[in-house]
1. Checking LEU184 against (1) modelled with pLDDT of 75 or more; (2) surrounded by 13 or more Cβ atoms within 10 Å (Cβ to Cβ), which test does it fail?
2. In this structure, does ILE123 turn out to be farther than 24 Å from ILE187 by Cα, surrounded by fewer than 17 Cβ atoms within 10 Å (Cβ to Cβ) and modelled with pLDDT of 85 or more?
3. Could you check the range 12-119 for helices (runs of 4 or more DSSP H) lying wholly inside it with 1 or more residues that are modelled with pLDDT under 85 and within 27 Å of GLY133 (Cβ to Cβ)?
4. Is there any pair linking a residue in the range 98-124 that is farther than 17 Å from SER158 by Cβ to one that is assigned to a helix (DSSP H, G or I) and among the acidic types (Asp, Glu), with Cβ under 7 Å and at least six apart or on different chains, and which?
5. Looking only at the range 226-237, filter to residues that are closer than 23 Å to SER62 by Cβ and surrounded by fewer than 19 Cβ atoms within 10 Å (Cβ to Cβ); which one of those is modelled with the highest pLDDT?
Amino acid sequence: MIKISWNNILIISRKELLDARRNRWFIIYTIIFAGLSLALSWFGLSGLGNYGLAGFGRTSASLINLVLFIVPLMGISLGAVSLAGERERGTLIYLLSQPVSPTEIVLSKFMGIGIALLGSLTIGFGISGFLIGWYGSTIALGSYLTLVLFTFLLSLVSLAIGLLISSVLKKSDTALGVSIFVWLFLILFGDLGLMGSSLVINLDIQQLFYAMLINPLQVFRLGALTTIRDNLEILGPVGNYAFRNFGNSLLPVFVSILAIWISVTLILSNFMFKKRGII
């Protein structure tokens, strides 16, 4: 049984949190996400003078698309350069020479960068939520907070994937390049990839729905759409199948899948980091 020192994890996590605040890419990501969230909220609420729930629906739909493109890139790229960067700089040797286990290092990286990442997203969603509440309506507050929750889960999934990449690769530049490729693959494996696959191998509605659940970006999209519309009719037959068979259990199913993604990817990251070490 692995013995874990939470004191070590907290100390290293605090160091990762401080490093993230000095990371220029992290600062750029935060500014971009906050700026685009503010802009999308403003235009979504001001269009045609329609406020309230109509404005919330347009704003949330825009935020979903923003999250799908920006948040996975943030998490995967920040996670990808974490272990690989320290391995390349030689600081990983010093860290492992201390009474710290590889498992504690992986968990510390995940916690420290994860807290910084969630803080960055909170700034963007906080600005957007304030604007929606000021000019729009607070009736949909629960839906908005659920959307934020799904975004948090997606960011942690992306971070865990980045850590898996970083645990395998030696150079931070290589890890960053692979992370961008994985990000593009997950995006292209969304609607376009599933559409092409369904045409080539003749997937039926049930198979197409379960294929969507493989991609964490699609799981986030399904959960977010369910949150703001209470159904998936916008997806056509696939959405109707999902709602007919799962009903009110849809949101817990999507949350569980994202949680499984985080857990399994972290376990793989820990395994690969132990195998790879500082080499």
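1. Only one criterion in (1) modelled with pLDDT of 75 or more; (2) surrounded by 13 or more Cβ atoms within 10 Å (Cβ to Cβ) is unmet by LEU184, namely (2).
2. Taking the combined requirement at face value, the residue satisfies it.
3. 24-46, 52-89
4. Partner pairs satisfying both residue conditions: SER108/GLU16.
5. ARG229
Table: residues versus (1) buried (at least 23 other Cβ atoms within 10 Å of the Cβ); (2) basic (Lys, Arg); (3) within 27 Å of THR151 (Cβ to Cβ).
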residue	(1), (2), (3)
PRO72	yes, no, yes
GLY79	yes, no, yes
GLY85	no, no, yes
GLY90	no, no, no
LEU96	no, no, no
VAL100	no, no, no
THR103	no, no, no
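The values are calculated or read from the model by the stated rules, or taken from the named source; none is laboratory data. Keep in mind the model is a prediction, meaning the values are calculated, not measured. When we count neighbours, we look across all protein chains shown, and the Cβ atoms used for this are built from the backbone with ideal geometry, even at glycine.
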